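K.L.:
Here you go, one structure.
The values are calculated or read from the model by the stated rules, or taken from the named source; none is laboratory data. Small disclaimer: the values here were computed from a predicted structure and weren't measured. Cβ atoms come from the backbone with ideal geometry, glycine included; neighbour counts cover every protein chain shown.
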Amino acid sequence: MNNQKKITKIFYIFLVSHLLIWTLIPSLSNINLPLDTIEALAWGSNLDWGFNKHPPLSAFAVEVFFSFFGSQDWAYYLLSQIFVIIAFIYVWKLSNEIFKNKIYSLFSLLALEGIYFYNFTTPEFNVNVSQLPFFALTSYFLWRGVNSKKKSDWILFGIFSAFGFLSKYLFIYLLLSIFLFLIFIYQDKRILKYYVLSLMVSLAILVPHFIWLFENNFVTVFYGLNRSGFDETQFLNHLINPLIFISKQFLILTPFFIMIFVLLKKITFKINIKSKKILFLLTISFLPLLLVLLTSVVTGAKIRTMWMTPFYLFMGTLFFEIQRNFIDLKKINKFYFVFLFFFFLSPVAYLTVSVLDNTKRTDYPGKEIARLVQNKWDDNFSNEIKIVVGDEWSAGNLSYHLTSRPTWLQELKDFAGNLKQDQGVVYTGNPKVLKKICPGVFGTIKPVGYCMIGKR
């Protein structure tokens, strides 16, 4: 009993340490927020049920934080880590139900620090990070629903499934895997009615987004397809892109496997497919990856490395369940040593890159540029800046840093020629283009043009 309490204490120490490290280090070392976070904040200033690149949940999340903290960079690093920590908590909770022994749950969680998706890349809050808690929550309540057959578990499963999909469409691979598990693998007719209930709950939540998609010509879907290279028809893509995908995944997982192998007496590749636990863990860990790989093989699509961010959350649980009989607890100190090595290596590497490389997006002088724009505006106009127009980076940084928190809009064409002097608009973009059409005050900062239209 005391030992279980000790393990739980280590778990909480780990959570707090991870949150503090990955909130503080980027807060202290970065001048500006990363690209994807600024992008989400730009969308958040003009909330809708979808955007040109992604569904809306990440934008809703940052906007909630902005309403409390404003343009405090540390708040968005904290937001990202809160999403990570929630995912870790439900990895822990599900692992506890799988193992009935917290030491194996702890191993499963700590091993994730060997995957850089859960440390090095997490300061950048984006659609990949926003999937993490919902991937874990969806998996957890699915397991609860399958075993308890409680309506409440299936309703929560439906809710978190919808939130995951609203984070990023790639979440569909988990949902498709779950469908295959329930219909063809698990084959328990008693729970199908609950599964149908969860689908109805999910669809009810997704209706506003689907309406938005229809009204906007499925722009988000086509963006994803274009990013994947679906429009490229070269035959070799069907071979090369899947091989690149597999190679990168093995490379990413190398530290993770090192941490696991340290604990093992021997390695077995025998999988008990009759075990409900293993079938379930294969469903949420391996099957989505397999489906992604098959997509690449069939279509020739490029699968970008970061897209796999949530898919490895339960990989430690899966491997320790398979290798349970070969775990050597006498090697636990060695495991802790390797864990601590990777746990501190990642922030040191992140800090080193932040200090030595000054060409990163996070070195962009967004606050200074916003100050210069504001000074120029105040010298010429009496009203406040209400709208910024341009790409998510240049205009998005202005929206974030300017005290008036102007609404971000992407399209210039929709507003050129329809401007009023008291509108309070700043356009950003190509200075040669802007200069030809700008009826207001024009100037440049760095290589970017700024056109200002306000009330004199």
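K.L.:
Find all pairs meeting these conditions: Cβ atoms under 8 angstrom apart; at least six residues apart or on different chains; first residue within segment 398-422 and over 14 Å from M452 (Cα atoms); second residue at pLDDT below 80.
P.N.:
L409/F415
K.L.:
Scan L279, L291 and give me the residue that is within 23 Å of Y173 (Cα to Cα), in the same structural domain as F181 (by TED's automatic domain parsing) and over 20 Å from the mean Cα position of the chain (by Cα). Please lay out each step first, then the result.
P.N.:
Values: L291 fails: over 20 Å from the mean Cα position of the chain (by Cα).
Matching residue, one of L279, L291: L279.
K.L.:
From the list I332, I278, I284, which residue is touching an Asp or Glu at 6+ places or on another chain (Cβ under 7 Å) and over 30 Å from F235 (Cα atoms)?
P.N.:
Working: I332 fails: touching an Asp or Glu at 6+ places or on another chain (Cβ under 7 Å); I284 fails: touching an Asp or Glu at 6+ places or on another chain (Cβ under 7 Å).
The unique qualifying residue is I278.
K.L.:
When you go through S67, S27, S45 one by one, which is the residue that is closer than 23 Å to L402 by Cβ, buried (at least 18 other Cβ atoms within 10 Å of the Cβ) and outside the structural domain of T403 (by TED's automatic domain parsing)?
P.N.:
Working: S67 fails: buried (at least 18 other Cβ atoms within 10 Å of the Cβ); S27 fails: buried (at least 18 other Cβ atoms within 10 Å of the Cβ).
Sole residue among the options that is closer than 23 Å to L402 by Cβ, buried (at least 18 other Cβ atoms within 10 Å of the Cβ) and outside the structural domain of T403 (by TED's automatic domain parsing): S45.
K.L.:
Working carefully through the options V338, V353, V297, find the one that is without any contact (Cβ under 8 Å) to a residue 60 or more places away in the chain, out of contact with any strand residue (DSSP E or B) (no Cβ under 8 Å at 6 or more places or on another chain) and either surrounded by 14 or more Cβ atoms within 10 Å (Cβ to Cβ) or assigned to a loop (DSSP other than H, G, I, E, B) (or both).
P.N.:
Criteria check complete, one pass: V297.
K.L.:
Give the residues of segment 33-65 that are more than 15 Å from the chain's Cα centre (by Cα) and under 11 Å from G396 (Cβ atoms), sorted by residue number.
P.N.:
Of the residues in segment 33-65, the ones more than 15 Å from the chain's Cα centre (by Cα) are 33, 42-52, 63-65.
L33, A42, W43, G44, S45, N46 - these are the residues of segment 33-65 that are more than 15 Å from the chain's Cα centre (by Cα) and under 11 Å from G396 (Cβ atoms).
K.L.:
Go through segment 361-392 and give me each residue that's without any contact (Cβ under 8 Å) to a residue 60 or more places away in the chain and not in a helix (DSSP H, G or I). Outline the logic, then answer.
P.N.:
Going residue by residue through segment 361-392, those that are without any contact (Cβ under 8 Å) to a residue 60 or more places away in the chain are 368, 370-371, 374-375, 378-379, 384, 386-391.
Within segment 361-392, E384, K386, I387, V388, V389, G390, D391 qualify.
K.L.:
Another question, then. Could you please let me know if I86 is farther than 23 Å from F134 by Cβ, free of Cβ contacts under 8 Å to residues at least 60 places away in the same chain and among the β-branched types (V, I, T)?
P.N.:
no
K.L.:
Can you name the residue in segment 260-285 that is in a helix (DSSP H, G or I) and of a type in the set (F, W, Y) and is also surrounded by the fewest Cβ atoms within 10 Å (Cβ to Cβ) among such residues?
P.N.:
So the residue we want is F261.
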